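Structure provided below as structure tokens; questions to follow.
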Amino acid sequence: MKQGKQTPKSSDLPIYLFRQGNNQEAYRYFGAHLCEQDGQAGAVFRVWAPHANAVAVVGDFNNWAPGDHPMQKVADGIWELFIPGIKEYDVYKYCITTASDELIYKADPYAFHTETRPSNGSKVYDIEGYPWGDDAWNKAEEKRDVINSPMSIYELQAGSWKMKDPDNGVPYNYSELADQLVPYIKEMGYTHVELLPITEYPFDGSWGYQVTGYFAPTSRYGTPKDFMAFVDKLHQAGIGVILDWVPAHFPKDAYGLYMFDGAPCYEDPNPRRGEHKEWGTMVFNYGMNEVASFLVSSAMFWIEKYHVDGLRVDAVASMLYLDYNRRDGEWEQNSKGGKENLEAIAFLQKLNTAVLTRYPHKMMIAEESTAWPLVTKPAADGGLGFNFKWNMGWMNDMLSYMKTDPLFRAGNHGKVTFSFFYAFSENFVLPISHDEVVHGKCSLINKMPGDYEEKFANLRTFYGYMMAHPGKKLLFMGQEFGQFIEWDEKKQLDWMLLGYDKHRQLQNYVKDLNHFYRETPAMWQVDYSWEGFQWIVPDDNQQSVIAFLRRDAEGKMIMIVCNFNPVLRQNYEMGVPNPGSYKEILNSDDPKYGGSGVTNGTVRSKKGEMHGFEQHVSLTLPPLSTMYFQVPAARKPRAKKEETDTESKTSAKAKKAPAAKRTRTTKAKPQA
């Protein structure tokens with residue numbers, strides 16, 4: 001028998017897979033785990049520190065004395081120790097002796113729970129045993145066609161949507177937040193909630209995008225099981241949960257991943273690749289197998305242990321390009337002479353393949369701001385393997401267009417229509433996110449030109465257009481009721497604005513849009529193909545009008561007409577696909593939404609070619625408005641054929657009938 005590679009022992013398998021970059025559940029092995037050894041209850045600690053001379057576990061239980069609990073090296077770079085008597089919530093860190101014999105104290109990269117800032121120790125925590133009640137949701141999700149389903153996402157930051165004590169800045173815990181959030185999301189008609197990162201982070205002002213704990217929900221809002229309750233309550237109410245997740249970079253806080261064992265460990269050791277100086281953060285070493293295992297395991301962890309429905313992967317562009325945010329001389333080419341980060345590309349392909357192979361009904365959403373090709377195509381086909389991508393080009397074009405004074409929109413008409421040239425090249429999400437209402441960019445309603453009334457009319461027009469545009473939808477909290485000030489993570493939204501008519505009416509409009517969207521398959525069923533979309537009027541730049549059709553899998557259609565100008569258009573003629581009555585079913589200018597009340601009711605088509613159709617209608621377009629019309633069903637060709645067949649049979653019978661009978665039949669017709 002030939003001797004090949006030795007099969008690793010079962011106890012060695014996690015280490016073997018970890019070193020290969022293929023341990024997708026490294027959190028089960030590394031970190032702190034409550035257990036029993038030799039009849040004693042305690043916890044086993046394991047950590048990867050390849051450059052360390054020694055590692056010890058320190059904490060309140062040994063007065064933080066480095067010499068009391070030294071760890072043993074069980075494999076190259078991997079340290080382990082069982083400590084009896086350890087209990088849940090005990091605080092600990094790793095004291096690492098570096099190659100230069102310096103002592104540094106580090107939080108556990110695999111910790112399930114942490115102290116609340118400004119303290120930063122890790123906490124022993126048992127994440128097993130939560131009594132989940134979302135089986136019905138999970139079973140339904142496994143059968144869902146995630147690509148061809150409605151998705152209207154409400155993006156929010158957990159600490160500043162609403163607060164338990166707004167005057168003192170006290171937030172709800174996760175479970176309490178769910179109790180407040182569920183009825184609101186259900187009433188408003190959103191399908192999913194997307195949370196800004198809740199992976200543990202040190203600085204409030206980073207909003208969670210500089211992570212120190214990739215396996216710990218931030219303790220700002222409670223315990224891990226509080227967060228499980230949050231997800232569980234939303235699922236039981238029929239609401240999906242998406243998390244922002246940040247594998248692109250991490251901060252330099254001394255207790256975190258930075259120089260973890262006194263040398264580059266999680267970060268790329270090459271100074272021209274390993275740091276984003278503008279952000280003050282470090283870039284992961286995607287070519288290191290152990291780092292790949294760490295990150296893939298983190299993604300799997302949130303799906304497996306917290307039942308989340310998807311991850312929105314932040315800052316993908318910064319991962320893909322070696323020259324991202326770097327000047328000449330601050331970066332170096334890859335081995336092929338290009339600027340692409342080949343290791344990061346391979347990592348993203350590995351990540352998405354791992355997650356979507358095991359959980360094909362989950363979502364991996366790329367926040368990718370460039371024209372990188374095949375982002376949502378499988379890795380096997382040369383793609384990055386995501387199943388959704390944020391459409392940043394659409395967002396930039398449309399916000400630029402909407403900020404333009406309507407007098408000058410005619411010259412910018414291409415910003416409204418350009419997205420349709422590439423709308424079906426990827427599985428897009430249309431994002432109006434937190435990034436657009438911070439750092440001096442002002443709130444969405446304050447981007448709109450005009451006086452008070454016109455700002456609301458512009459915003460209603462935009463929302464109606466956005467909801468009808470191919471792609472899933474995302475709106476950041478507060479924009480649904482027209483918050484005027486920029487978002488501030490230190491205080492809750494300005495809910496008192498709902499005491500004013502315009503804000504309450506805008507909120508009702510967004511609610512009706514969401515419900516109409518969910519209940520109308522034409523708006524989402526064929527989202528990523530030309531079969532679900534057809535232009536009627538793409539080129540009326542002089543009047544700033546567009547019109548198009550959305551079509552479902554059965555051919556049923558909704559007609560959308562947008563007037564981006566504050567001018568009333570009477571007798572506006574446009575082609576339509578089918579003869580019959582076109583009923584206005586939603587109008588942003590409806591008085592109940594704060595509009596002026598210009599409506600069409602039902603209009604009948606007329607014969608006459610226009611815009612490539614044999615029929616046309618004459619409409620009244622309210623100033624600054626979006627309208628939806630129900631398209632009448634087409635007359636079925638089969639019905640005509642059956643009618644012809646019936647007439648033929650009747651004619652044949654008449655020919656066979658006796659002459660007298662034929663005469664009587666002929667005479668009877670006038671009497672009838």
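Could we say that residue 30 is touching a strand residue (DSSP E or B) at 6+ places or on another chain (Cβ under 6 Å), surrounded by 21 or more Cβ atoms within 10 Å (Cβ to Cβ) and at pLDDT 95 or above here?
yes
Let me ask another. Taking residue 79, is it in contact with a Gly (Cβ under 7 Å, 6 or more places away or on another chain), of a type outside the set (Asp, Glu) and closer than 26 Å to residue 296 by Cα?
Taking the combined requirement at face value, the residue does not satisfy it.
Picking from 441, 415, which residue would you name as being surrounded by fewer than 17 Cβ atoms within 10 Å (Cβ to Cβ), over 24 Å from residue 345 (Cα atoms) and touching a residue at least 12 places away in the same chain (Cβ under 8 Å)?
Only one candidate passes the filter, namely 441.
Further question on the same structure: For residue 395, only one of the following conditions fails: (1) surrounded by fewer than 18 Cβ atoms within 10 Å (Cβ to Cβ); (2) farther than 25 Å from residue 145 by Cβ. What is its number?
The single condition residue 395 does not satisfy is (1).
So in segment 484-524, with the set limited to residues that are farther than 23 Å from residue 439 by Cα and either at pLDDT below 95 or among the basic types (Lys, Arg) (or both), which one is farthest from the chain's Cα centre (by Cα)?
502
Here's the yes/no breakdown for (1) buried (at least 23 other Cβ atoms within 10 Å of the Cβ); (2) part of a loop (DSSP other than H, G, I, E, B); (3) not small (Gly, Ala, Ser):
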| site | (1), (2), (3) |
| --- | --- |
| 215 | yes, no, yes |
| 220 | no, no, yes |
| 244 | yes, no, yes |
| 253 | no, yes, yes |
| 258 | no, yes, yes |
| 290 | no, no, yes |
| 296 | yes, no, yes |
| 317 | no, no, no |
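I'm checking my understanding of the structure. Among residues of segment 167-210 that are at pLDDT below 95 and part of a helix (DSSP H, G or I), which one is nearest to residue 363 (Cα to Cα)?
Only one residue tops the list, namely 206.
Can I ask one more? Every residue in segment 272-288 that is of a type in the set (A, V, I, L, M, F, W, C), under 24 Å from the mean Cα position of the chain (by Cα) and outside any loop (DSSP other than H, G, I, E, B), please.
Hits for segment 272-288 are 283, 284.
Quick one: which of 74, 47, 55, 91 is over 23 Å from residue 128 (Cβ atoms) and either crowded, with 22+ Cβ neighbours inside 10 Å or modelled with pLDDT of 95 or more (or both)?
Answer to the selection: 55.
Determine whether segment 556-566 contains at least one residue that is farther than 28 Å from residue 408 by Cβ, surrounded by fewer than 19 Cβ atoms within 10 Å (Cβ to Cβ) and modelled with pLDDT of 95 or more.
Checked segment 556-566: at least one residue is farther than 28 Å from residue 408 by Cβ, surrounded by fewer than 19 Cβ atoms within 10 Å (Cβ to Cβ) and modelled with pLDDT of 95 or more.
Oh, and also: Those residues that are in a helix (DSSP H, G or I), out of contact with any strand residue (DSSP E or B) (no Cβ under 6 Å at 6 or more places or on another chain) and over 22 Å from residue 164 (Cβ atoms), I need them from segment 468-504; list them, please.
501, 502, 503, 504
Determine whether segment 530-537 contains at least one residue that is closer than 20 Å to residue 193 by Cβ and in contact with a Ser or Thr (Cβ under 9 Å, 6 or more places away or on another chain). Can you show your working first?
If we filter segment 530-537 for residues that are closer than 20 Å to residue 193 by Cβ, which is where we start, we get none.
No, there is no match, as no residue in segment 530-537 is closer than 20 Å to residue 193 by Cβ and in contact with a Ser or Thr (Cβ under 9 Å, 6 or more places away or on another chain).
The values are calculated or read from the model by the stated rules, or taken from the named source; none is laboratory data. This one's a predicted model, so the numbers in the text were calculated from it and none came from an experiment. Virtual Cβ from ideal backbone geometry, glycine too; neighbours counted across all protein chains shown.
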